[in-house]
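To keep things clear, I will list the structure first and then write my remarks on it.
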Amino acid sequence: MAGNFLHKIGLGHWHGIYLKRRFFTDAVLTRLTEEITQSEARHAGELVLAVEAHPPAKELSSHERALEVFGRLRVWDTPYSTGVLLYLNLALHTIEIVADKGVAVNDEEWKQVCKTLSQALASGQYEDGLKKAILAIEQLLANACGDLPINADNALVDKPVLL
């Protein structure tokens, strides 16, 4: 709630910076990296977690920014088109999931992941909420990409990207 108010009065970026510094320490990033690495060992999908304190352009919606980040981080560049971006915009309090064309998961399943994560973030459970979201995405990717060979080369970075 505080973040939405601060965003409305033009100070949302400060709240995003505060949240990033408070909840995304080096130790947390290391543990989230391990979760992603373990997850990707079980299926052909590849997950990128991007956390942005505040977007650079006010005219972009959160979804448009997520699509831009998806392209810039080359999440689309996987052997089987199985990249997934989990994008958090801390200033706007938004969550976006962008999946490449090789990931056959319906929108309702992605929305459920976002809803569960949103509830965890709202109660200040950033690390735990993200671990549960990674696990949920892993299950979806295992179902959607389970018949594809696992990409041992791991084309995408596992460490969360702070923007």
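The values are calculated or read from the model by the stated rules, or taken from the named source; none is laboratory data. Because the structure is predicted, anything quoted here is derived from the model rather than measured. Here the Cβ positions follow ideal geometry from the backbone for every residue, glycine too, while neighbour counts run over all protein chains shown. Accessible surface is based on the protein model in full, side chains and every heavy atom, while ligands, DNA and RNA are left aside. Shrake-Rupley method; radii C 1.70, N 1.55, O 1.52, S 1.80 Å.
Confirm whether residue 74 is assigned to a loop (DSSP other than H, G, I, E, B), among the basic types (Lys, Arg) and within 16 Å of the chain's Cα centre (by Cα).
yes
Note down all Cβ pairs under 8 Å where the first residue falls in the range 33-50 and is farther than 12 Å from residue 135 by Cα and open to solvent by 10 Å² or more (accessible area, probe 1.4 Å), the second is acidic (Asp, Glu) and not in a strand (DSSP E or B), and they're at least six residues apart or on different chains.
If the second residue must be acidic (Asp, Glu) and not in a strand (DSSP E or B), the pairs left are 33/158.
Across the range 82-101, what is the number of residues that are assigned to a loop (DSSP other than H, G, I, E, B) and surrounded by 18 or more Cβ atoms within 10 Å (Cβ to Cβ)?
6
Got a sec? Which of 112, 139 is surrounded by fewer than 18 Cβ atoms within 10 Å (Cβ to Cβ) and in contact (Cβ under 8 Å) with a residue 12 or more places away in the chain?
The match here is 112.
Tell me the residue from 65, 74 that is of a type in the set (D, E, K, R), open to solvent by 40 Å² or more (accessible area, probe 1.4 Å) and out of contact with any helix residue (DSSP H, G or I) (no Cβ under 9 Å at 6 or more places or on another chain), please.
That would be 74, the only listed residue that is of a type in the set (D, E, K, R), open to solvent by 40 Å² or more (accessible area, probe 1.4 Å) and out of contact with any helix residue (DSSP H, G or I) (no Cβ under 9 Å at 6 or more places or on another chain).
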